[in-house]
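First up is the structure itself, then whatever we jot down about it.
The values are calculated or read from the model by the stated rules, or taken from the named source; none is laboratory data. Treat the numbers as computed from the prediction; the structure is a model and nothing was measured. Here Cβ is always computed from backbone atoms with ideal geometry, including for glycine, and neighbour counts include all displayed protein chains. Remember, those area values only see protein heavy atoms, side chains included, never the ligands or the DNA or RNA. Shrake-Rupley method; radii C 1.70, N 1.55, O 1.52, S 1.80 Å.
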Amino acid sequence: MNDAKTNYRILFAGGGTGGHLFPAVAVAEQIKEMKPEAEILFVGTKSKIEGRVIPKLGYNFKSIWISGIKRKFSLENILFPLKLFVSSVQSIIINMFFKPCVAIGSGGYVSGPAVWGASLMGSKIILLEQNSYPGLTTRLLEKYADEVHLSFEDSKKYLKRKNVLFTTGNPVRKNLGSVVKNEALKKFGLSGSKKTLLVLGGSLGASSINNAMANIIEKLNEGGIHVIWQTGKIYFDQYKQFNSVNIKVFDFMEDMNLAYSASDLVLARAGATTIAELLVLGKPSILVPSPNVAENHQYHNARSLSDKSAAVMLEDKSLVETLYESIMNIISDDARLQNLKNNALTLAKPDAAKIIAGNAIKYCERI
């Protein structure tokens, strides 16, 4: 069909966490670059990250009432059947009015009703799965999917419809790796004469990583290591005292590109989006899977990299005993840093957003 007559209406559904939201944003950005006339609608919940971020980015946003099931007993779980029914009706109405040619589900409970509603309208369905062990929503929606784009080859063994599975990678936003290292270090007030460790625990922080870092921060400083440390907002007051000439402590960093560019080694949780960014940048990393996530996703994510010598995995429970030695053994060994970098780049999928966006556009052009 002629481009001028094609309606590029694409619905995105996903969120709850940045790990589910930002891959979708990366694909949406790519679609807008390839087809500026495309109409894009995000469906999510008002109370989660997508409700704050998506309107700021200039995309249209519709909310539905859904929320996830709590793993521990909660009175909110009693409302889940009602929320699911209402959200399903809301999703059908949203899809009837928007009429997407493609719906892209990027995970999280919110993508379930919205993508299901799109499938009823005859939309093509594309799913994005960030984690090594596919989430419940992906496993439930798989039967409606025309394509399921995976971040890890390991994921294929958990899904049934092998003909729609593609190991495309986890889409990342385009500005990564655009800052020269010395320029990034200057922004932090650091020199290029010492190695730099970047510490991340996610936007909320990670108590075990912060606690382990507090125990060894002076030894790292004495060993000539610069540290850029994101504590998370709720932990910042507890650790801001460590801020100094060689140690830069932040509650949250808006410009992750700058932080990555300044670092020689990254210590982080094993969230799927963080991993995708580390791979695309070829950043040597120590990954500490959170023991508090559904279906132990982060362990599977980290194991997928550590088995291929693309990262070092440390267990949360033994972090205090193992962290200092692990950091020093890696950051002081240029050959090992280079090996980790090379192996990470081998696993990277830098064109994921472009591939998925291109497929979505092709579906619209066939209608």
- Message: Given the criteria within 19 Å of GLY18 (Cβ to Cβ) and open to solvent by 10 Å² or more (accessible area, probe 1.4 Å), does TYR109 qualify?
- Response: yes
- Task: Could you please let me know if VAL172 is open to solvent by 40 Å² or more (accessible area, probe 1.4 Å) and modelled with pLDDT under 95?
- Result: no
- Item | Given (1) modelled with pLDDT of 90 or more; (2) loosely packed, with under 15 Cβ neighbours inside 10 Å; (3) closer than 28 Å to PRO134 by Cβ, index of the condition SER47 fails | (1)
- Pair list, Cβ under 7 Å, 6 or more apart: the stretch 301-320 residue aliphatic (A, V, I, L, M), other residue open to solvent by 30 Å² or more (accessible area, probe 1.4 Å) and not in a helix (DSSP H, G or I): ALA302/MET313
- Query: Just wondering, is there one or more residues in the stretch 264-277 that are part of a loop (DSSP other than H, G, I, E, B), modelled with pLDDT of 95 or more and of a type in the set (Gly, Ala, Ser)?
  - Reply: no
- Mind checking whether some residue in the stretch 344-351 is of a type in the set (Val, Ile, Thr) and open to solvent by 10 Å² or more (accessible area, probe 1.4 Å)? yes
- Query: Residues LYS248, LYS233, LYS219: which one is of a type in the set (Lys, Arg), assigned to a helix (DSSP H, G or I) and either touching a Phe, Trp or Tyr at 6+ places or on another chain (Cβ under 9 Å) or more than 19 Å from SER155 (Cβ to Cβ) (or both)?
  - Reply: LYS219
- Task: Kindly provide the set of residues from the stretch 329-365 that are part of a loop (DSSP other than H, G, I, E, B), free of Cβ contacts under 8 Å to residues at least 24 places away in the same chain and of a type in the set (A, V, I, L, M), ordered by number.
- Result: none
- Task: Please determine, by comparing only the residues of the stretch 128-147 that are farther than 13 Å from THR167 by Cβ and over 19 Å from the mean Cα position of the chain (by Cα), which one is most open to solvent (accessible area, probe 1.4 Å).
- Result: LYS143
- Message: Restricting to the stretch 176-203, name every residue that is assigned to a loop (DSSP other than H, G, I, E, B) and closer than 18 Å to ILE275 by Cβ.
- Response: LEU176, GLY177, LEU200, GLY201, GLY202, SER203
- Message: Given the options LEU11, LEU21, name the one that is at pLDDT 95 or above and either of a type in the set (A, V, I, L, M) or part of a helix (DSSP H, G or I) (or both).
- Response: LEU11
- With respect to LYS317, is the statement that it is part of a loop (DSSP other than H, G, I, E, B), open to solvent by 40 Å² or more (accessible area, probe 1.4 Å), within 27 Å of VAL288 (Cβ to Cβ) and of a type in the set (Lys, Arg) true? no
- Item | Residue within the stretch 69-83 that is polar (S, T, N, Q) and either modelled with pLDDT of 90 or more or within 15 Å of HIS20 (Cβ to Cβ) (or both) present | no
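Mind checking which residues of the stretch 86-98 are open to solvent by 40 Å² or more (accessible area, probe 1.4 Å) and under 24 Å from PRO23 (Cβ atoms)?
Matches in the stretch 86-98: GLN90 only.
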- Note on the structure: Scanning the stretch 233-281 for residues that are in contact (Cβ under 8 Å) with a residue 60 or more places away in the chain, open to solvent by 30 Å² or more (accessible area, probe 1.4 Å) and in contact with a Gly (Cβ under 9 Å, 6 or more places away or on another chain) gives LYS248, ARG269, THR274, VAL280, LEU281
- Looking only at the stretch 198-235, which residues are over 21 Å from ASP316 (Cβ atoms) and of a type outside the set (S, T, N, Q)? GLU218, GLU222, GLY223, GLY224, ILE225, HIS226, ILE228
- Every residue from the stretch 164-214 that is touching a helix residue (DSSP H, G or I) at 6+ places or on another chain (Cβ under 8 Å), closer than 12 Å to ALA262 by Cβ and of a type in the set (D, E, K, R): LYS181, GLU183, LYS187, LYS195
